[in-house]
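K.L.:
Have a look at this one.
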Amino acid sequence: MRWLIINLFLIFLIAPLMADSVRGKVNKGNEYYKQGKYEQALAQYQDALLDDPLNETAIFNKGNALYKLKKYKEAIEAYQKVVGSENLNLSARAFYNIGNCYFQENKLKESIEAYKKALELNPDDYQAKYNLELARARLKEMADKQQQQNKDQNKPPEPSEFAKKLKKQAEKLVDQRRYKDAYDLMMQGLQKDKTVVAFQSFIKRIKDVVDILGGQEL
């Protein structure tokens, strides 16, 4: 079984004019993140966003922390805020991560669309290509499984011994042209044993004859 490629990279603040408080909080959050302390990392990113609500670095890294905490819906909301960034690589990674979030939620159609958008911005992203094909394969697998389940549900049940004996009795009545008696026998048997429905086509043929004859025997 193939597994989803998950590669959430952190963005580091390098702009010299960035306020020290914001840079410090983001970098502190990154330290927590690398230590696997995602709750603490999230708190630092959120604190940084209080000072600079439009800071793409803090927003993106916040999405990563939320992803690690399996808060996929909230992570998507964070990533969506940077998909229109002038930094095309950042926007591509955001779409890639959105695809991973949707995949984890088993929303495969949405994940496929996100991966496709990531590849539009970065056609050489082999991880996005891999995950796109994985999502497509998983979607097809689910569709095939659902189709098989539908077939199984529509498949008539295996008739019981009672049902088989009942049909033989009805066939004898048909041979005697006692169509209505045969039909009534099958319908009464159906009320007692649901597996008699396995002979639904036989019951319908008798019913058609009864209807044509107006309920009268020959």
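K.L.:
Return the lysines within reach of residue 165: Cα separation strictly under 16 angstrom, same-chain partners fewer than 8 residues apart disregarded; answer none if there are no such residues.
P.N.:
Hits, sequence-local ones excluded: 192, 194.
K.L.:
Hey, another quick one. Working out 0.36 nm times the residue gap between residue 20 and residue 191, then minus their Cα-Cα distance, what length gain in nm do you get to one decimal?
P.N.:
Fully extending the segment from residue 20 to residue 191 adds 53.5 nm.
K.L.:
If you plug each phi of the range 186-198 into the Karplus form 6.51 cos²θ - 1.76 cosθ + 1.60 with θ = phi - 60°, what whole-Hz ³J(HN,Hα) values come out, in order, with x for Gly and Pro?
P.N.:
Here the 3J(HN,Hα) series is 5, 5, 5, x, 5, 5, 8, 9, 5, 6, 4, 4, 4 Hz.
K.L.:
Of the accessible area of the chain, with the probe set at 1.4 angstrom, what percent is carbon plus sulfur?
P.N.:
After summing per-atom areas, the C and S share lands at 51 percent.
K.L.:
Next question, about the same structure. Hey, which aspartates and glutamates would be in cross-link range of residue 62, C-alpha to C-alpha under 12 Å, not counting anything within fewer than 8 residues on its own chain?
P.N.:
Result set, ordered by chain and number: 39, 47, 74, 77.
K.L.:
How high is the relative contact order of the chain, in percent, counting Cα pairs under 8 Å that sit 6 or more residues apart?
P.N.:
Answer for the chain is 12 percent.
K.L.:
In addition: Using only Cα atoms, locate the centre of the range 62-104 and the centre of the range 155-209, then give the distance between them in Å, rounded to an integer.
P.N.:
When both Cα centres are located, 61 Å separates them.
K.L.:
Under 17 Å from the Cα of residue 109, which lysines turn up, not counting those fewer than eight places away in the same chain?
P.N.:
Counting by Cα, and skipping residues close in sequence, residue 109 has these lysines nearby: 73, 117, 129, 140, 145.
The values are calculated or read from the model by the stated rules, or taken from the named source; none is laboratory data. Predicted, not measured: the structure shown is a model, and the values here were computed from it. Keep in mind that these areas ignore ligands, DNA and RNA; they rest on the heavy atoms of the full protein, side chains included. Shrake-Rupley method; radii C 1.70, N 1.55, O 1.52, S 1.80 Å.
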